[in-house]
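Notes to accompany the following structure.
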Amino acid sequence: MTGLEVTVGSLALRNPVMPASGTFEYHPDSPPPFDVNHLGAIVPKSLTLYPQLGNRPSRLAETPSGLINSIGIPSLGLERFLAEVLPRYEGLTAPVMVSVAGYSPQEYLTLTEKLSAVSLVAGIELNLSCPNLDQHRMPAQDVGLLRESVKSARSVTDKPLWAKLSLEVTSIVEMAQACLESGADAVTLINTFRAMAIDSQQRRVILGNGTGGLSGPAIRPMALAAVWDVSHAVDIPVIGVGGITTVDDALMFLLAGASAIQIGTASFRQPLTMVRVIEGLTGHLAKLGVASIAEIIGAGHLS
Ligand SMILES: Cc1cc2nc3c(=O)[nH]c(=O)nc-3n(C[C@H](O)[C@H](O)[C@H](O)COP(=O)(O)O)c2cc1C
């Protein structure tokens, strides 16, 4: 026992730190510069049912305190993921939460059903920020579609099911409540914000797709407020994500009520960020003489 153990619903994690989907891949032939088993969990890039290429370049633009990406979701599709990617995770002790992006509730159902049947899949994170092809809406922005998508996935799995939401909504609390009522075990807050950049000299829009999603420290205060709002209003575990870069950032999210946190953009600048945050949390517990990180979760208070 290290004192960092947490639970997210029924899932026990050795510590609350994991990568944000789309920002970390594990391949045994080119492993990261740390032992991946030190992570609380592993969350790979979102997977779609069928193969797709992702967006056209350029796909990245740096902004002050942030990164705009329009990677889209390049995906091998479910069949190749099962055959080629998942076997790479065999033998790891960190639980693998597979992120899926569907274009309809039926696709969320199929992805969840097939992946849940694989023993090394610990659970599923539903990336609900993918536009629905028929209705041209994102489940994360349409409460009816959100309910349908989460319920569809829930109907075919008993494994942990996390719903990842967007803060580009009128009420994040309403969306999280809908996830709870539809059977999600936790909500992951939050995905990126729609953003763009223009090269003023060349008068050229930088991203090939026109717009992309803003991540990094620029979005951290909004993510933190979302975690605070939901954890105080809805009886569902929250995984906090958005701009977390230091152990102090991680502590803020835990104090706001997050049971666990994800780190994305910060790992691009410093690949050791996640392990440094884990070490920092251990140091923080020792400094305070606190036995368990659980004592910190939700302990933030209004003055
Ligand atoms: C390059 C890049 C790719 C991403 N791809 C995905 C993805 O496939 N699925 C997903 O749910 N979120 C994706 N995200 C969003 C992150 O998981 C995370 O929610 C967001 O970046 C905020 O966290 P951060 O500020 O720590 O990066 C991506 C973010 C970046 C920067």
Whole-Hz ³J(HN,Hα) from phi, Karplus 6.51 cos²θ - 1.76 cosθ + 1.60, for the stretch 18-28, glycine and proline x: 8, x, 7, 3, x, 10, 8, 10, 10, 9, x
Max mean-square fluctuation residue, GNM over the chain, Cα-Cα springs under 10 Å, options GLY40, GLY240, GLY77: GLY77
Gaussian network model of the chain, Cα within-10 Å springs - most flexible of ILE42, ILE198, ILE239: ILE198
Residue-span extension gain [GLN202 to PHE34] - 0.36 nm each, minus C-alpha spacing: 56.4 nm
Simple label model, 7 Å out from Cα along Cβ direction - ARG194 to ARG88, nm: 3.2 nm
Computed helical MRE - 222 nm, the chain, DSSP H runs ≥ 4 contributing -39500 (n - 2.57), nearest 500: -8000 deg cm²/dmol
Residue-wise HN-Hα coupling along the stretch 282-292, computed from phi with Karplus coefficients 6.51, -1.76, 1.60 (Hz; x: Gly, Pro): 4, x, 5, 4, 4, 4, 7, x, 8, 7, 9
Stretchable slack from VAL173 to ASP134, in nm (0.36 nm times residue separation minus alpha-carbon distance): 11.4 nm
Residue-by-residue Karplus 3J(HN,Hα) for the stretch 244-254, coefficients 6.51, -1.76, 1.60, Hz, glycine and proline x: 5, 10, 10, 5, 5, 4, 4, 4, 4, 5, 5
Residue (of ILE71, VAL205, SER116) at the positive-pole extreme of the chain, dipole from beta-carbon charges: VAL205
Cleavage-rule hits (trypsin sites (Lys or Arg not before Pro)) in the stretch 147-249: DSSP loop, at most 15 neighbouring Cβ within 10 angstrom: ARG203
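Where a number appears in this text, it was derived from the coordinates with a stated rule and is not lab data. All values derive from a computational prediction rather than experimental measurement. All Cβ positions, even for glycine, are placed from backbone atoms using ideal geometry, and neighbour counts span all protein chains on display.
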